[in-house]
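Participant: Before anything else, here's the structure in question.
The values are calculated or read from the model by the stated rules, or taken from the named source; none is laboratory data. Please read these numbers as outputs of a predicted model, since none were measured by experiment. Every residue, glycine as well, gets a Cβ built from its backbone with ideal geometry; the counts of neighbours run over all protein chains shown.
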Amino acid sequence: MGACCSAPPVSEAYRPGQPIRILILGLDNAGATTLLYRLKMNKMIVTVPTLGAVEETIGWGGDEITFHDLGGTDKLRPLWPMYQEGMHGVIYVVDAADRASVSTSRQELRRFFRAATELHNAPLLVLANKQDVEGALSPEQVRRELALDDLSCRTAQVAACSAVTGRGLREGIDWIVREIKNPSPSPRRSFTNFPGRASITRLVRAAGPSSNRV
Ligand SMILES: Nc1nc2c(ncn2[C@@H]2O[C@H](COP(=O)(O)OP(=O)(O)OP(=O)(O)O)[C@@H](O)[C@H]2O)c(=O)[nH]1
Ligand SMILES: [Mg+2]
(Lines give C-alpha, C1' and ligand atoms only; values in the text may rest on other atoms or scores of the structure.)
(Ligands and ions follow the chains in the order given, each with its own letter.)
Protein backbone atom coordinates (compact mmCIF):
# COMPACT_ATOMS: atom_id res chain seq x y z
CA MET A 1 0.00 0.00 0.00
CA GLY A 2 2.59 2.57 -1.04
CA ALA A 3 1.74 6.25 -0.86
CA CYS A 4 2.81 8.44 -3.76
CA CYS A 5 3.58 12.13 -3.60
CA SER A 6 1.86 13.80 -6.55
CA ALA A 7 -1.90 14.10 -6.98
CA PRO A 8 -3.31 11.64 -9.54
CA PRO A 9 -4.89 12.95 -12.73
CA VAL A 10 -8.60 13.66 -12.54
CA SER A 11 -10.69 10.95 -14.18
CA GLU A 12 -12.45 11.64 -17.46
CA ALA A 13 -15.23 14.04 -16.54
CA TYR A 14 -18.68 13.10 -17.75
CA ARG A 15 -20.36 15.68 -19.95
CA PRO A 16 -24.18 15.65 -20.15
CA GLY A 17 -25.45 14.12 -23.36
CA GLN A 18 -22.38 12.01 -24.06
CA PRO A 19 -22.55 8.21 -23.74
CA ILE A 20 -21.40 6.85 -20.40
CA ARG A 21 -18.43 4.51 -20.67
CA ILE A 22 -17.90 1.84 -18.04
CA LEU A 23 -15.21 -0.84 -17.71
CA ILE A 24 -16.31 -4.26 -16.45
CA LEU A 25 -13.49 -6.24 -14.82
CA GLY A 26 -13.19 -9.29 -12.63
CA LEU A 27 -11.35 -12.60 -12.39
CA ASP A 28 -12.24 -15.22 -14.98
CA ASN A 29 -15.45 -17.05 -14.15
CA ALA A 30 -16.72 -14.21 -11.91
CA GLY A 31 -19.69 -13.74 -14.23
CA ALA A 32 -18.87 -10.46 -15.98
CA THR A 33 -20.09 -11.47 -19.44
CA THR A 34 -23.18 -13.19 -18.07
CA LEU A 35 -24.01 -9.95 -16.23
CA LEU A 36 -23.47 -7.88 -19.37
CA TYR A 37 -25.91 -9.97 -21.40
CA ARG A 38 -28.39 -10.07 -18.53
CA LEU A 39 -28.33 -6.26 -18.71
CA LYS A 40 -28.60 -6.17 -22.49
CA MET A 41 -31.20 -8.88 -23.10
CA ASN A 42 -32.66 -9.47 -19.65
CA LYS A 43 -32.03 -13.17 -19.92
CA MET A 44 -29.41 -15.70 -18.94
CA ILE A 45 -27.11 -16.66 -21.78
CA VAL A 46 -24.45 -19.33 -21.92
CA THR A 47 -21.05 -17.65 -22.22
CA VAL A 48 -17.58 -18.67 -23.30
CA PRO A 49 -14.47 -17.22 -21.61
CA THR A 50 -13.75 -13.73 -22.93
CA LEU A 51 -10.44 -13.75 -24.79
CA GLY A 52 -10.07 -9.97 -25.17
CA ALA A 53 -12.76 -7.34 -24.78
CA VAL A 54 -16.49 -7.27 -25.48
CA GLU A 55 -18.21 -3.93 -26.10
CA GLU A 56 -21.97 -3.46 -25.77
CA THR A 57 -24.05 -0.27 -25.71
CA ILE A 58 -27.25 -0.37 -23.72
CA GLY A 59 -30.00 2.21 -23.26
CA TRP A 60 -30.46 2.98 -19.57
CA GLY A 61 -33.34 5.31 -18.77
CA GLY A 62 -32.53 8.39 -20.81
CA ASP A 63 -28.84 7.47 -21.03
CA GLU A 64 -26.68 5.30 -23.24
CA ILE A 65 -24.04 3.22 -21.53
CA THR A 66 -21.19 1.56 -23.39
CA PHE A 67 -19.79 -1.31 -21.35
CA HIS A 68 -16.31 -2.64 -22.05
CA ASP A 69 -16.14 -6.16 -20.61
CA LEU A 70 -12.56 -7.46 -20.37
CA GLY A 71 -11.52 -11.09 -20.00
CA GLY A 72 -10.24 -12.00 -16.54
CA THR A 73 -7.69 -14.79 -16.98
CA ASP A 74 -4.28 -14.22 -15.41
CA LYS A 75 -2.79 -13.53 -18.86
CA LEU A 76 -5.33 -10.76 -19.55
CA ARG A 77 -5.38 -9.00 -16.15
CA PRO A 78 -2.16 -7.02 -16.74
CA LEU A 79 -3.84 -5.53 -19.83
CA TRP A 80 -6.82 -4.07 -17.95
CA PRO A 81 -5.23 -0.63 -17.38
CA MET A 82 -4.74 -0.23 -21.14
CA TYR A 83 -8.50 0.31 -21.40
CA GLN A 84 -8.75 3.11 -18.83
CA GLU A 85 -8.77 6.03 -21.26
CA GLY A 86 -12.11 7.80 -21.52
CA MET A 87 -13.84 5.59 -18.94
CA HIS A 88 -16.26 7.19 -16.49
CA GLY A 89 -16.57 4.33 -14.02
CA VAL A 90 -15.50 0.79 -13.16
CA ILE A 91 -17.56 -2.27 -12.34
CA TYR A 92 -15.59 -5.03 -10.62
CA VAL A 93 -17.32 -8.42 -10.56
CA VAL A 94 -16.56 -10.84 -7.72
CA ASP A 95 -17.64 -14.48 -7.60
CA ALA A 96 -19.08 -14.27 -4.09
CA ALA A 97 -19.67 -18.03 -4.10
CA ASP A 98 -15.97 -18.81 -4.56
CA ARG A 99 -14.31 -17.84 -1.29
CA ALA A 100 -10.96 -19.24 -2.41
CA SER A 101 -10.69 -16.66 -5.19
CA VAL A 102 -11.41 -13.56 -3.14
CA SER A 103 -7.84 -12.89 -2.04
CA THR A 104 -6.65 -12.99 -5.68
CA SER A 105 -9.55 -10.75 -6.56
CA ARG A 106 -8.40 -8.22 -3.96
CA GLN A 107 -4.81 -8.27 -5.26
CA GLU A 108 -5.89 -7.80 -8.87
CA LEU A 109 -8.21 -4.92 -8.01
CA ARG A 110 -5.35 -3.16 -6.23
CA ARG A 111 -2.92 -3.83 -9.04
CA PHE A 112 -5.43 -2.38 -11.50
CA PHE A 113 -5.94 0.86 -9.57
CA ARG A 114 -2.20 1.27 -9.01
CA ALA A 115 -1.72 1.30 -12.77
CA ALA A 116 -4.99 2.98 -13.82
CA THR A 117 -4.05 6.42 -12.56
CA GLU A 118 -6.66 8.15 -14.75
CA LEU A 119 -9.44 6.37 -12.87
CA HIS A 120 -8.57 7.25 -9.28
CA ASN A 121 -11.51 9.63 -9.14
CA ALA A 122 -13.94 7.39 -11.00
CA PRO A 123 -16.67 5.59 -9.02
CA LEU A 124 -16.23 1.85 -8.42
CA LEU A 125 -19.17 -0.54 -8.27
CA VAL A 126 -18.27 -3.97 -6.91
CA LEU A 127 -20.84 -6.59 -7.85
CA ALA A 128 -20.89 -9.46 -5.35
CA ASN A 129 -22.26 -11.87 -7.95
CA LYS A 130 -23.73 -15.40 -7.67
CA GLN A 131 -25.92 -14.61 -4.67
CA ASP A 132 -28.24 -17.37 -5.88
CA VAL A 133 -25.60 -19.88 -4.66
CA GLU A 134 -26.01 -21.05 -1.07
CA GLY A 135 -23.30 -19.62 1.20
CA ALA A 136 -22.25 -16.76 -1.07
CA LEU A 137 -20.36 -13.96 0.67
CA SER A 138 -22.54 -11.03 1.70
CA PRO A 139 -21.74 -7.58 0.30
CA GLU A 140 -20.36 -6.52 3.68
CA GLN A 141 -18.04 -9.54 3.68
CA VAL A 142 -16.94 -8.69 0.15
CA ARG A 143 -16.26 -5.11 1.16
CA ARG A 144 -14.07 -6.36 4.02
CA GLU A 145 -12.31 -9.05 1.98
CA LEU A 146 -11.44 -6.58 -0.77
CA ALA A 147 -10.33 -4.03 1.85
CA LEU A 148 -12.30 -1.44 -0.07
CA ASP A 149 -11.80 1.20 2.60
CA ASP A 150 -8.08 1.32 1.72
CA LEU A 151 -8.59 1.49 -2.00
CA SER A 152 -7.58 4.48 -4.05
CA CYS A 153 -10.77 5.07 -5.98
CA ARG A 154 -12.93 7.95 -4.93
CA THR A 155 -16.28 6.39 -4.16
CA ALA A 156 -17.18 2.71 -4.00
CA GLN A 157 -20.26 0.63 -3.49
CA VAL A 158 -20.74 -3.13 -3.18
CA ALA A 159 -24.02 -4.43 -4.55
CA ALA A 160 -25.11 -8.03 -4.13
CA CYS A 161 -26.53 -9.54 -7.30
CA SER A 162 -27.10 -12.63 -9.40
CA ALA A 163 -26.65 -12.73 -13.15
CA VAL A 164 -28.78 -15.89 -13.21
CA THR A 165 -31.85 -14.22 -11.74
CA GLY A 166 -30.98 -10.59 -12.49
CA ARG A 167 -31.72 -9.56 -8.91
CA GLY A 168 -29.73 -6.66 -7.48
CA LEU A 169 -28.21 -5.66 -10.78
CA ARG A 170 -30.41 -2.69 -11.65
CA GLU A 171 -29.81 -1.08 -8.25
CA GLY A 172 -26.05 -1.31 -8.75
CA ILE A 173 -26.10 0.17 -12.25
CA ASP A 174 -28.45 2.96 -11.15
CA TRP A 175 -25.95 3.81 -8.40
CA ILE A 176 -22.91 4.05 -10.68
CA VAL A 177 -24.81 6.09 -13.28
CA ARG A 178 -25.89 8.51 -10.54
CA GLU A 179 -22.30 8.78 -9.28
CA ILE A 180 -20.96 9.42 -12.77
CA LYS A 181 -23.52 12.11 -13.52
CA ASN A 182 -23.59 13.70 -10.04
CA PRO A 183 -20.48 12.70 -8.08
CA SER A 184 -20.79 12.64 -4.30
CA PRO A 185 -19.07 15.66 -2.74
CA SER A 186 -16.76 13.50 -0.62
CA PRO A 187 -15.37 9.95 -0.90
CA ARG A 188 -17.48 7.24 0.65
CA ARG A 189 -17.89 3.49 0.81
CA SER A 190 -21.22 1.72 0.96
CA PHE A 191 -22.88 -1.59 0.33
CA THR A 192 -26.35 -2.79 -0.49
CA ASN A 193 -27.69 -6.17 0.44
CA PHE A 194 -29.37 -8.58 -1.91
CA PRO A 195 -32.98 -7.45 -2.28
CA GLY A 196 -35.12 -9.25 0.23
CA ARG A 197 -32.43 -9.57 2.89
CA ALA A 198 -32.34 -7.39 5.98
CA SER A 199 -30.33 -4.18 6.26
CA ILE A 200 -30.47 -2.47 2.92
CA THR A 201 -27.85 0.24 2.81
CA ARG A 202 -25.11 1.51 5.06
CA LEU A 203 -22.75 4.28 4.21
CA VAL A 204 -19.20 4.41 5.47
CA ARG A 205 -17.31 7.62 4.97
CA ALA A 206 -13.78 6.97 3.79
CA ALA A 207 -11.11 8.16 6.21
CA GLY A 208 -9.40 11.16 4.61
CA PRO A 209 -8.38 11.63 1.01
CA SER A 210 -8.32 8.30 -0.75
CA SER A 211 -6.41 9.30 -3.85
CA ASN A 212 -3.00 8.09 -2.70
CA ARG A 213 -4.03 4.80 -1.21
CA VAL A 214 -3.86 1.56 -3.17
N1 LIG B 1 -24.86 -19.60 -10.16
C2 LIG B 1 -24.45 -18.57 -10.87
N3 LIG B 1 -23.63 -18.75 -11.91
C4 LIG B 1 -23.24 -17.66 -12.61
C5 LIG B 1 -23.68 -16.36 -12.29
N6 LIG B 1 -23.11 -15.50 -13.15
C7 LIG B 1 -22.36 -16.23 -13.98
N8 LIG B 1 -22.43 -17.53 -13.67
C9 LIG B 1 -21.72 -18.65 -14.32
O10 LIG B 1 -20.31 -18.46 -14.15
C11 LIG B 1 -19.61 -18.94 -15.29
C12 LIG B 1 -18.69 -17.85 -15.81
O13 LIG B 1 -19.46 -16.78 -16.33
P14 LIG B 1 -18.86 -15.70 -17.33
O15 LIG B 1 -19.86 -14.61 -17.45
O16 LIG B 1 -18.41 -16.32 -18.59
O17 LIG B 1 -17.58 -15.22 -16.52
P18 LIG B 1 -16.57 -14.05 -16.90
O19 LIG B 1 -16.34 -13.28 -15.67
O20 LIG B 1 -17.03 -13.31 -18.10
O21 LIG B 1 -15.23 -14.89 -17.25
P22 LIG B 1 -14.05 -14.47 -18.28
O23 LIG B 1 -14.69 -14.11 -19.58
O24 LIG B 1 -13.19 -15.70 -18.39
O25 LIG B 1 -13.33 -13.32 -17.67
C26 LIG B 1 -20.66 -19.39 -16.29
O27 LIG B 1 -20.83 -20.78 -16.16
C28 LIG B 1 -21.93 -18.66 -15.83
O29 LIG B 1 -23.11 -19.33 -16.18
C30 LIG B 1 -24.58 -16.19 -11.18
O31 LIG B 1 -25.02 -15.10 -10.80
N32 LIG B 1 -24.92 -17.33 -10.50
MG1 LIG C 1 -16.28 -12.97 -19.94
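Participant: Which members of region 105-119 meet the condition of being more than 17 Å from A136 (Cβ to Cβ) and either touching an Asp or Glu at 6+ places or on another chain (Cβ under 9 Å) or of a type in the set (V, I, T) (or both)? Even if it seems obvious, please write down each step before you answer.
Facilitator: Here is the first cut: in region 105-119, the residues more than 17 Å from A136 (Cβ to Cβ) are 107-119.
E108, R110, T117, E118, L119, listed by residue number.
Participant: Okay, next question. Report yes if W175 is part of a helix (DSSP H, G or I) and away from ligand 1 (no atom under 16 Å from the Cβ), otherwise no.
Facilitator: Values: part of a helix (DSSP H, G or I): yes; away from ligand 1 (no atom under 16 Å from the Cβ): yes.
So W175 fits the description; yes.
Participant: Also, I was wondering about something else. Condition first: closer than 22 Å to I180 by Cα, more than 14 Å from ligand 2 (Cβ to nearest atom) and outside any loop (DSSP other than H, G, I, E, B). Can you find one or more residues in region 40-57 that meet it?
Facilitator: Looking through region 40-57, at least one residue is closer than 22 Å to I180 by Cα, more than 14 Å from ligand 2 (Cβ to nearest atom) and outside any loop (DSSP other than H, G, I, E, B).
Participant: Next question, about the same structure. Say we look at region 59-85 and pick out the residues that are surrounded by 13 or more Cβ atoms within 10 Å (Cβ to Cβ) and more than 16 Å from ligand 2 (Cβ to nearest atom); which of these is nearest to F112 (Cα to Cα)?
Facilitator: Residue satisfying both the conditions and the ranking: P81.
Participant: Can you name the residue in region 120-137 that is at pLDDT 95 or above and among the polar types (S, T, N, Q) and, of all such residues, is surrounded by the most Cβ atoms within 10 Å (Cβ to Cβ)?
Facilitator: For region 120-137, the residue satisfying everything is N129.
Participant: Is it fair to say V158 is within 16 Å of ligand 1 (Cβ to nearest atom), free of Cβ contacts under 8 Å to residues at least 40 places away in the same chain and among the aliphatic types (A, V, I, L, M)?
Facilitator: Details: within 16 Å of ligand 1 (Cβ to nearest atom): yes; free of Cβ contacts under 8 Å to residues at least 40 places away in the same chain: yes; among the aliphatic types (A, V, I, L, M): yes.
Yes, satisfied.
Conditions (1) modelled with pLDDT of 95 or more; (2) under 30 Å from G61 (Cα atoms), marked per residue:
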| site | (1), (2) |
| --- | --- |
| T104 | yes, no |
| R114 | no, no |
| E118 | no, yes |
| C153 | no, yes |
| A163 | yes, yes |
| R167 | no, yes |
| G196 | no, yes |
| L203 | no, yes |
